Amino acid sequence: MRWPKDAENWPLNQYSRRVLCRPHRWHVQEHGTGDTILLIHGAGGATQSFRHLFPLLAQDHHVIAIDLPGQGFTQLGAQQRCGLDHMTEDLLALIRQEGWTPRMIVAHSAGVAIALRLFEKGLRPDQGIVGINAALGNFKGVAGWLFPIMAKTLAATPFSASLFAATTTRNSVRNLIRGTGSKLEPEGLELYYRLARDRGHVDATLSMMAQWSLDGLLARLGTIDVPVHLITGLNDKAVPPQVSRDAVASLPNARLTELPDLGHLAHEEDAQIIADLIRG
């Protein structure tokens, strides 16, 4: 997405800035004082995903939210660096460059895998990692081979992202969000519509899907001893709650909270309950 014109009316843009840390030019939102909390969004989202949670946490914390490479307002510097390990390495370089010392990481969906890899690569959030509807399982059955192939094909096909962005409608975005089991307010739907209409954002999301692999991380879950609190919405239709249950069973220092009536975007539906759980 272009900057700064498209940043007009973007949630919390008063806290936004651009940071060059090669190979990307990152979009960062930073506000508040106190212990540092790092927020990591999931695939296809951006900092807007935390528009309700960010100000609640910033009342008594130093809160940092970033757009992942190519998504939102972060300019992608290298197309081949959209996989789990490369994203983690580049984000860790940004954290060290800026001198941030996160005492807690709060991540959503695919962002939880990045948070765990940050710990493996030396980041030590002593207050732990909070994962919201953690995407810590591979697709099973037909989806196990069909979805990755579709993503790789789309990412490698010229104009596929442009076609997707050009043909996306508000109704299709509304149906997509509804399919995650979440109910968003009109503003939230409009923000996802803006993202879905941006070719660069779509292209980076497809590249992330095409390069994503959790096999190594899942095999090492038993060695990751950072405190982990997984929160799952029982109405999540994108990542079944059983995924979080299985992850908690594998992680040596983890606990689980299940929330009725909330879907995959639980932190956007009820930010207050998520903020209370984080503080707890």
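The values are calculated or read from the model by the stated rules, or taken from the named source; none is laboratory data. From a predicted model like this one, the values you see are computed outputs, not experimental measurements. As a convention, Cβ positions derive from the backbone with ideal geometry for all residues, glycine included, and neighbour counts pool all protein chains shown. To get the accessible areas, we keep the full protein, side chains included, count just its heavy atoms, and leave off ligands, DNA and RNA. Shrake-Rupley method; radii C 1.70, N 1.55, O 1.52, S 1.80 Å.
Some values worked out for this structure:
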read-out	value
Only one of ASN175, ASN138 that is modelled with pLDDT under 95, part of a helix (DSSP H, G or I) and of a type outside the set (Val, Ile, Thr)	ASN175
Matching residues in the stretch 19-38 - criterion: being touching a residue at least 24 places away in the same chain (Cβ under 8 Å) and open to solvent by 30 Å² or more (accessible area, probe 1.4 Å)	ARG22, PRO23, ARG25, GLU30, HIS31, THR33, GLY34, ASP35
Test result for LEU234, out of contact with any His (no Cβ under 6 Å at 6 or more places or on another chain) and surrounded by fewer than 17 Cβ atoms within 10 Å (Cβ to Cβ)	yes
VAL173 being out of contact with any Cys (no Cβ under 7 Å at 6 or more places or on another chain) and either without any contact (Cβ under 8 Å) to a residue 60 or more places away in the chain or basic (Lys, Arg) (or both)	yes
Residue selected from the stretch 69-83 under the condition hydrophobic (A, V, I, L, M, F, W, C) and open to solvent by 10 Å² or more (accessible area, probe 1.4 Å), by the criterion farthest from the chain's Cα centre (by Cα)	ALA78
Top-ranked residue in the stretch 164-193 [being among the aliphatic types (A, V, I, L, M) and over 16 Å from ASP261 (Cβ atoms); ranked as most open to solvent (accessible area, probe 1.4 Å)]	LEU176
Test: residue in the stretch 89-101 that is within 27 Å of PRO241 (Cα to Cα), in contact (Cβ under 8 Å) with a residue 12 or more places away in the chain, out of contact with any Cys (no Cβ under 6 Å at 6 or more places or on another chain) and open to solvent by 10 Å² or more (accessible area, probe 1.4 Å)	no
Contacts under 6 angstrom Cβ, first residue in the stretch 6-17 being more than 12 Å from VAL28 (Cβ to Cβ), partner open to solvent by 60 Å² or more (accessible area, probe 1.4 Å), 6 or more apart	ALA7/ASN13
Condition check for VAL243: part of a loop (DSSP other than H, G, I, E, B) and within 19 Å of the chain's Cα centre (by Cα)	no
All positions within the stretch 80-116 that are part of a loop (DSSP other than H, G, I, E, B) and within 19 Å of LEU191 (Cα to Cα)	SER109
Within the stretch 258-280, considering residues that are surrounded by 16 or more Cβ atoms within 10 Å (Cβ to Cβ) and not in a helix (DSSP H, G or I), the one farthest from the chain's Cα centre (by Cα)	LEU259
Residue count, the stretch 25-79 (criterion: of a type outside the set (Gly, Ala, Ser) and assigned to a loop (DSSP other than H, G, I, E, B))	16
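Okay, residues lined up against (1) assigned to a loop (DSSP other than H, G, I, E, B); (2) surrounded by fewer than 18 Cβ atoms within 10 Å (Cβ to Cβ); (3) at pLDDT 95 or above:
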position: LEU206; (1), (2), (3): no, no, no
position: ALA210; (1), (2), (3): no, no, no
position: SER213; (1), (2), (3): yes, yes, no
position: LEU217; (1), (2), (3): no, no, yes
position: HIS229; (1), (2), (3): no, no, yes
position: VAL239; (1), (2), (3): yes, no, no
position: ALA249; (1), (2), (3): no, yes, yes
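Condition check ((1) in contact with a Pro (Cβ under 9 Å, 6 or more places away or on another chain); (2) at pLDDT 95 or above; (3) aliphatic (A, V, I, L, M)) across all residues:
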{"residue": "HIS27", "(1), (2), (3)": "no, yes, no"}
{"residue": "HIS31", "(1), (2), (3)": "yes, yes, no"}
{"residue": "ASP35", "(1), (2), (3)": "yes, yes, no"}
{"residue": "LEU38", "(1), (2), (3)": "yes, yes, yes"}
{"residue": "HIS41", "(1), (2), (3)": "no, yes, no"}
{"residue": "GLN48", "(1), (2), (3)": "yes, yes, no"}
{"residue": "HIS52", "(1), (2), (3)": "yes, yes, no"}
{"residue": "PRO69", "(1), (2), (3)": "yes, yes, no"}
{"residue": "THR74", "(1), (2), (3)": "no, yes, no"}
